[in-house]
Amino acid sequence: MSDSLERLYLAVLAAKDLDPAISRTARLFQRGPTKMAKKLAEEAIEVVIDAVNRKPEAVVRESADLLYNLSVLWASAGVRPADVWREMDRREDLLGIAEKMPKSAVKMAKVSLSRVARRPIVALEGRTLRKRY
């Protein structure tokens, strides 16, 4: 997957200076990060709505749009996919791949102190939650 996102990111960089009249990517760059952020948020909402409505094919399509718009915003912000993967690796080392970093330093300190072994990976299968060790 990271190779696909890297290719998408490079394609976004290649298209950013094209004619905005023919390139959606160039048009987004011309309109700036506020427009890029708005498009990203719209796509995220569409993914959520389709997921809640149990429309997997639509989730796939909207997720592709979401990743495209995320790549555009990354390029605008000077963030490379490799930067994000490094952060994911760092978080996995601290918390396990399926966890999000706590918002506060206090929570992070508690997690770091209480963690003796790698946390179990939590996976969804169907509608049930199960842990794999």
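Structure notes:
- When the range 60-81 is filtered for residues that are closer than 18 Å to L10 by Cα and either modelled with pLDDT under 95 or of a type in the set (V, I, T) (or both), the ones remaining, listed by number, are V72, V79.
- Any pair with Cβ under 7 angstrom, 6 or more apart, that starts in the range 18-44 at a residue that is under 24 Å from R61 (Cβ atoms) and ends at one that is basic (K, R): T25/K16; A26/K16; L28/K35; L28/K39; F29/K16
- Flag for E57 being farther than 21 Å from A11 by Cβ, modelled with pLDDT of 95 or more, exposed (fewer than 12 other Cβ atoms within 10 Å of the Cβ) and among the acidic types (D, E): yes
The values are calculated or read from the model by the stated rules, or taken from the named source; none is laboratory data. Only a predicted model underlies this, so the values are computations on that prediction, with no experimental measurement involved. Here Cβ is always computed from backbone atoms with ideal geometry, including for glycine, and neighbour counts include all displayed protein chains.
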